[in-house]
Amino acid sequence: MNNNDIKIYENEIQSLEEEIKMLTEEYECSLHGSFAYSDGEIMKAMKSFKGKSQEDLRHYEFSPDLKTQLDFLESDLFFMMKFTGICFTHCSRKPVEKSTGGTRTTHKYRLSGNCHSVSFQLEFQLMEENQAKEEDVHIKQCNKNVSAVVTDLSIVIESDKYLDLSKLVSRVEESGNLLLFFKCLSYFTEWCDHRKRTLTHFKNKYPDVVVLPEGSSGDYMILRSPNLPGLELMIVWKIHVDEEGNVTPVLDLLNKIPMSVVEANKFASDAPHCFRSLLHVLGIQACIETLIKSLCNDK
(Lines give C-alpha, C1' and ligand atoms only; values in the text may rest on other atoms or scores of the structure.)
Protein backbone atom coordinates (compact mmCIF):
# COMPACT_ATOMS: atom_id res chain seq x y z
CA MET A 1 0.00 0.00 0.00
CA ASN A 2 1.55 3.31 -1.12
CA ASN A 3 1.44 6.66 0.67
CA ASN A 4 -1.40 7.98 -1.52
CA ASP A 5 -3.64 5.06 -0.57
CA ILE A 6 -2.82 5.58 3.10
CA LYS A 7 -3.65 9.29 2.82
CA ILE A 8 -7.00 8.52 1.17
CA TYR A 9 -7.92 6.10 3.96
CA GLU A 10 -6.84 8.61 6.61
CA ASN A 11 -9.04 11.29 5.05
CA GLU A 12 -11.96 8.89 4.89
CA ILE A 13 -11.49 7.93 8.55
CA GLN A 14 -11.39 11.60 9.52
CA SER A 15 -14.59 12.25 7.58
CA LEU A 16 -16.33 9.32 9.30
CA GLU A 17 -15.16 10.51 12.72
CA GLU A 18 -16.58 13.98 12.00
CA GLU A 19 -19.89 12.48 10.90
CA ILE A 20 -20.08 10.30 14.04
CA LYS A 21 -19.36 13.35 16.20
CA MET A 22 -22.06 15.37 14.42
CA LEU A 23 -24.65 12.59 14.79
CA THR A 24 -23.76 12.20 18.47
CA GLU A 25 -24.26 15.95 19.07
CA GLU A 26 -27.60 15.89 17.24
CA TYR A 27 -28.75 12.89 19.30
CA GLU A 28 -27.77 14.55 22.58
CA CYS A 29 -29.56 17.75 21.58
CA SER A 30 -32.68 15.82 20.63
CA LEU A 31 -32.82 14.33 24.13
CA HIS A 32 -33.18 17.87 25.50
CA GLY A 33 -35.68 18.93 22.87
CA SER A 34 -33.25 21.41 21.31
CA PHE A 35 -32.74 19.76 17.93
CA ALA A 36 -34.06 21.45 14.80
CA TYR A 37 -37.63 20.42 14.03
CA SER A 38 -39.34 20.20 10.67
CA ASP A 39 -41.68 22.92 9.43
CA GLY A 40 -44.62 20.54 9.86
CA GLU A 41 -43.81 19.89 13.51
CA ILE A 42 -43.41 23.60 14.21
CA MET A 43 -46.72 24.42 12.56
CA LYS A 44 -48.41 21.67 14.56
CA ALA A 45 -46.95 23.07 17.78
CA MET A 46 -48.07 26.59 16.85
CA LYS A 47 -51.61 25.41 16.13
CA SER A 48 -51.69 23.60 19.45
CA PHE A 49 -50.41 26.70 21.22
CA LYS A 50 -52.87 29.03 19.48
CA GLY A 51 -55.69 26.53 20.03
CA LYS A 52 -55.92 27.39 23.72
CA SER A 53 -59.19 29.19 24.28
CA GLN A 54 -59.45 32.45 26.17
CA GLU A 55 -61.42 30.60 28.80
CA ASP A 56 -58.51 28.16 29.27
CA LEU A 57 -56.06 31.05 29.60
CA ARG A 58 -58.26 32.79 32.17
CA HIS A 59 -58.55 29.52 34.05
CA TYR A 60 -54.76 29.29 34.10
CA GLU A 61 -54.34 32.91 35.23
CA PHE A 62 -56.62 32.63 38.24
CA SER A 63 -56.44 28.94 39.02
CA PRO A 64 -55.16 28.12 42.51
CA ASP A 65 -54.29 24.67 41.19
CA LEU A 66 -50.49 24.63 40.82
CA LYS A 67 -50.69 21.49 38.67
CA THR A 68 -52.82 23.34 36.09
CA GLN A 69 -50.43 26.28 36.01
CA LEU A 70 -47.44 23.97 35.68
CA ASP A 71 -49.03 22.13 32.76
CA PHE A 72 -49.59 25.40 30.90
CA LEU A 73 -46.05 26.60 31.59
CA GLU A 74 -44.53 23.31 30.42
CA SER A 75 -46.63 23.45 27.26
CA ASP A 76 -45.42 26.99 26.51
CA LEU A 77 -41.81 26.03 27.21
CA PHE A 78 -42.04 22.97 24.96
CA PHE A 79 -43.40 25.13 22.15
CA MET A 80 -40.61 27.69 22.53
CA MET A 81 -37.91 25.00 22.48
CA LYS A 82 -39.35 23.55 19.29
CA PHE A 83 -39.65 26.94 17.65
CA THR A 84 -36.24 28.38 18.62
CA GLY A 85 -34.02 25.35 19.30
CA ILE A 86 -32.99 26.92 22.62
CA CYS A 87 -32.90 24.59 25.62
CA PHE A 88 -32.22 25.83 29.15
CA THR A 89 -30.41 23.29 31.30
CA HIS A 90 -30.07 25.38 34.47
CA CYS A 91 -31.79 28.42 35.93
CA SER A 92 -31.35 30.03 39.33
CA ARG A 93 -32.80 33.20 40.84
CA LYS A 94 -31.54 35.02 43.91
CA PRO A 95 -33.25 38.05 45.50
CA VAL A 96 -31.03 41.10 45.68
CA GLU A 97 -33.27 44.00 46.73
CA LYS A 98 -36.92 44.70 47.51
CA SER A 99 -38.38 48.15 48.03
CA THR A 100 -40.82 49.12 50.77
CA GLY A 101 -44.29 48.02 49.71
CA GLY A 102 -42.90 45.46 47.30
CA THR A 103 -43.47 47.57 44.17
CA ARG A 104 -39.86 47.20 43.06
CA THR A 105 -37.83 44.00 43.27
CA THR A 106 -34.40 43.04 41.95
CA HIS A 107 -33.27 39.47 41.37
CA LYS A 108 -30.00 38.02 40.14
CA TYR A 109 -30.41 35.33 37.48
CA ARG A 110 -28.04 32.67 36.24
CA LEU A 111 -28.98 30.74 33.11
CA SER A 112 -27.18 28.09 31.11
CA GLY A 113 -28.22 25.99 28.16
CA ASN A 114 -27.57 25.21 24.54
CA CYS A 115 -28.88 26.15 21.14
CA HIS A 116 -28.20 23.37 18.66
CA SER A 117 -24.42 22.82 18.99
CA VAL A 118 -23.58 26.05 20.87
CA SER A 119 -23.58 26.23 24.69
CA PHE A 120 -24.09 29.50 26.56
CA GLN A 121 -24.15 30.93 30.08
CA LEU A 122 -25.82 34.15 31.20
CA GLU A 123 -25.73 36.13 34.41
CA PHE A 124 -27.71 39.34 34.95
CA GLN A 125 -29.84 41.35 37.35
CA LEU A 126 -33.50 42.00 36.60
CA MET A 127 -35.25 44.94 38.25
CA GLU A 128 -39.05 44.67 38.07
CA GLU A 129 -41.39 47.52 38.99
CA ASN A 130 -45.09 46.80 39.44
CA GLN A 131 -47.57 49.52 38.60
CA ALA A 132 -51.19 48.54 39.22
CA LYS A 133 -54.47 50.38 39.35
CA GLU A 134 -55.64 51.00 42.92
CA GLU A 135 -58.91 49.08 42.68
CA ASP A 136 -60.15 45.87 44.21
CA VAL A 137 -57.82 42.93 44.42
CA HIS A 138 -59.40 41.01 41.54
CA ILE A 139 -59.04 43.87 39.04
CA LYS A 140 -55.63 44.73 40.40
CA GLN A 141 -54.40 41.27 39.46
CA CYS A 142 -55.83 41.62 35.95
CA ASN A 143 -54.34 45.05 35.18
CA LYS A 144 -50.90 44.64 36.62
CA ASN A 145 -48.33 46.53 34.56
CA VAL A 146 -44.78 45.30 35.05
CA SER A 147 -41.73 47.06 33.69
CA ALA A 148 -38.39 45.23 33.76
CA VAL A 149 -34.82 46.43 33.27
CA VAL A 150 -31.81 44.14 32.70
CA THR A 151 -28.50 45.25 34.18
CA ASP A 152 -25.03 43.78 34.82
CA LEU A 153 -25.44 41.36 31.92
CA SER A 154 -22.62 38.90 31.28
CA ILE A 155 -22.73 36.32 28.45
CA VAL A 156 -20.33 33.46 27.85
CA ILE A 157 -20.40 31.48 24.60
CA GLU A 158 -18.48 28.23 24.97
CA SER A 159 -16.66 28.52 21.64
CA ASP A 160 -13.94 30.82 20.38
CA LYS A 161 -14.56 30.28 16.66
CA TYR A 162 -17.75 32.33 16.30
CA LEU A 163 -16.19 35.78 15.86
CA ASP A 164 -19.29 37.54 14.51
CA LEU A 165 -21.41 36.17 17.35
CA SER A 166 -18.83 37.35 19.89
CA LYS A 167 -19.08 40.88 18.51
CA LEU A 168 -22.86 40.81 18.95
CA VAL A 169 -22.47 39.50 22.51
CA SER A 170 -20.40 42.58 23.39
CA ARG A 171 -23.11 44.90 22.07
CA VAL A 172 -25.88 42.97 23.85
CA GLU A 173 -24.01 43.11 27.16
CA GLU A 174 -23.93 46.91 26.85
CA SER A 175 -27.61 47.29 25.91
CA GLY A 176 -29.05 44.45 28.04
CA ASN A 177 -31.21 43.33 25.09
CA LEU A 178 -31.77 39.64 25.89
CA LEU A 179 -34.42 39.26 23.18
CA LEU A 180 -31.91 40.31 20.52
CA PHE A 181 -29.35 37.82 21.82
CA PHE A 182 -31.65 34.79 21.82
CA LYS A 183 -33.18 35.69 18.46
CA CYS A 184 -29.75 36.03 16.87
CA LEU A 185 -28.42 32.90 18.61
CA SER A 186 -31.28 30.80 17.24
CA TYR A 187 -30.75 31.92 13.63
CA PHE A 188 -26.95 31.79 13.86
CA THR A 189 -26.73 28.24 15.22
CA GLU A 190 -29.31 27.05 12.71
CA TRP A 191 -27.08 28.31 9.89
CA CYS A 192 -24.03 26.70 11.54
CA ASP A 193 -25.78 23.34 11.60
CA HIS A 194 -26.88 23.75 7.98
CA ARG A 195 -23.30 24.55 6.93
CA LYS A 196 -21.98 21.53 8.82
CA ARG A 197 -24.49 19.17 7.20
CA THR A 198 -23.77 20.61 3.75
CA LEU A 199 -19.98 20.24 4.04
CA THR A 200 -20.36 16.67 5.33
CA HIS A 201 -22.74 15.82 2.49
CA PHE A 202 -20.31 16.92 -0.23
CA LYS A 203 -17.32 15.31 1.46
CA ASN A 204 -19.14 11.97 1.53
CA LYS A 205 -20.45 12.33 -2.03
CA TYR A 206 -17.17 13.51 -3.62
CA PRO A 207 -14.38 12.19 -1.35
CA ASP A 208 -11.72 12.50 -4.10
CA VAL A 209 -12.56 16.14 -4.83
CA VAL A 210 -13.66 17.70 -1.55
CA VAL A 211 -11.19 18.37 1.27
CA LEU A 212 -12.18 19.74 4.69
CA PRO A 213 -8.95 20.88 6.38
CA GLU A 214 -10.81 21.90 9.56
CA GLY A 215 -13.42 19.15 9.38
CA SER A 216 -17.14 19.66 8.83
CA SER A 217 -17.23 22.22 11.65
CA GLY A 218 -14.93 24.56 9.70
CA ASP A 219 -16.03 27.46 7.53
CA TYR A 220 -14.41 26.49 4.23
CA MET A 221 -13.91 23.60 1.84
CA ILE A 222 -11.28 22.94 -0.82
CA LEU A 223 -12.08 21.43 -4.21
CA ARG A 224 -9.23 19.69 -6.05
CA SER A 225 -9.48 18.99 -9.73
CA PRO A 226 -9.05 15.27 -10.57
CA ASN A 227 -8.01 16.19 -14.13
CA LEU A 228 -5.71 19.20 -13.58
CA PRO A 229 -3.22 18.49 -10.78
CA GLY A 230 -2.49 21.57 -8.71
CA LEU A 231 -5.76 23.34 -9.51
CA GLU A 232 -7.69 24.11 -6.31
CA LEU A 233 -10.84 26.09 -5.57
CA MET A 234 -11.71 27.20 -2.06
CA ILE A 235 -15.30 27.91 -1.00
CA VAL A 236 -15.36 30.16 2.06
CA TRP A 237 -18.64 30.14 3.98
CA LYS A 238 -18.96 32.77 6.70
CA ILE A 239 -22.04 33.59 8.77
CA HIS A 240 -22.30 37.35 9.22
CA VAL A 241 -24.13 39.09 12.07
CA ASP A 242 -24.78 42.83 11.71
CA GLU A 243 -25.34 45.39 14.47
CA GLU A 244 -29.11 44.79 14.45
CA GLY A 245 -28.61 41.05 14.91
CA ASN A 246 -29.54 40.05 11.35
CA VAL A 247 -27.86 36.78 10.37
CA THR A 248 -26.72 36.28 6.77
CA PRO A 249 -24.67 33.52 5.11
CA VAL A 250 -21.79 34.94 3.05
CA LEU A 251 -20.09 32.64 0.52
CA ASP A 252 -17.18 33.38 -1.76
CA LEU A 253 -14.88 31.45 -4.09
CA LEU A 254 -11.09 31.70 -4.24
CA ASN A 255 -8.88 29.89 -6.73
CA LYS A 256 -5.33 28.61 -6.88
CA ILE A 257 -3.98 28.13 -10.41
CA PRO A 258 -0.45 26.78 -10.96
CA MET A 259 1.52 28.64 -13.64
CA SER A 260 2.06 25.43 -15.61
CA VAL A 261 -1.68 24.80 -16.02
CA VAL A 262 -2.67 27.02 -18.92
CA GLU A 263 -5.96 25.21 -19.43
CA ALA A 264 -7.02 26.07 -15.89
CA ASN A 265 -7.25 29.76 -16.71
CA LYS A 266 -10.17 29.10 -19.03
CA PHE A 267 -12.13 27.44 -16.26
CA ALA A 268 -11.03 29.19 -13.07
CA SER A 269 -10.48 32.81 -14.07
CA ASP A 270 -14.22 33.55 -14.15
CA ALA A 271 -15.15 30.99 -11.48
CA PRO A 272 -15.50 33.45 -8.53
CA HIS A 273 -17.81 35.78 -10.49
CA CYS A 274 -19.87 32.90 -11.89
CA PHE A 275 -20.12 31.34 -8.42
CA ARG A 276 -21.60 34.50 -6.89
CA SER A 277 -24.08 34.79 -9.77
CA LEU A 278 -25.15 31.16 -9.44
CA LEU A 279 -25.72 31.57 -5.71
CA HIS A 280 -28.57 34.01 -6.36
CA VAL A 281 -30.12 31.73 -8.97
CA LEU A 282 -29.64 28.18 -7.64
CA GLY A 283 -29.08 28.58 -3.91
CA ILE A 284 -26.14 27.32 -1.86
CA GLN A 285 -26.30 23.53 -2.22
CA ALA A 286 -27.19 23.43 -5.93
CA CYS A 287 -24.51 26.03 -6.68
CA ILE A 288 -21.78 23.99 -4.95
CA GLU A 289 -22.98 20.84 -6.74
CA THR A 290 -22.77 22.58 -10.12
CA LEU A 291 -19.26 23.84 -9.37
CA ILE A 292 -17.99 20.40 -8.37
CA LYS A 293 -19.42 18.77 -11.47
CA SER A 294 -17.87 21.45 -13.68
CA LEU A 295 -14.52 20.92 -11.99
CA CYS A 296 -14.70 17.15 -12.48
CA ASN A 297 -15.67 17.44 -16.13
CA ASP A 298 -13.03 20.04 -16.99
CA LYS A 299 -10.24 18.54 -19.12
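With both labels modelled 7 Å from their Cα along Cα-to-Cβ, the Lys205 to Ser75 distance reads 4.2 nm. Per-residue surface analysis assigns Val236 an accessible area of about 30 Å², computed on protein heavy atoms at 1.4 Å probe radius. The order of the peptides 219-232, 187-200, 240-253 by mean Cβ neighbours within 10 Å, most packed first, is 187-200, 219-232, 240-253.
Students often get this wrong, so check it: of Lys82/Lys205; Lys108/Lys167; Lys161/Lys203; Lys256/Lys293, which have C-alpha atoms separated by over 20 Å?
Over 20 Å apart, Cα to Cα: Lys82/Lys205; Lys108/Lys167; Lys161/Lys203.
Of the Cα atoms belonging to the stretch 176-223, the radius of gyration and Dmax stand at 14.3, 49 Å. The figure for Ser99 is an accessible area of roughly 40 square angstrom, using a 1.4 Å probe on the protein chains alone. Among the protein heavy atoms, those of Lys82 account for about 40 Å² of accessible surface (1.4 Å probe, every chain in place). Modelled label positions at Ser147 and Asp270, each set 7 Å beyond Cα in the direction of Cβ, lie 6.2 nm from each other.
The values are calculated or read from the model by the stated rules, or taken from the named source; none is laboratory data. The model shown is predicted, which means the values in this text are computed figures rather than measured ones. In this analysis, Cβ positions are derived from the backbone assuming ideal geometry, glycine residues included, and neighbour counts consider all displayed protein chains. With ligands, DNA and RNA removed, areas are computed over all heavy atoms of the protein, side chains included. Shrake-Rupley method; radii C 1.70, N 1.55, O 1.52, S 1.80 Å.
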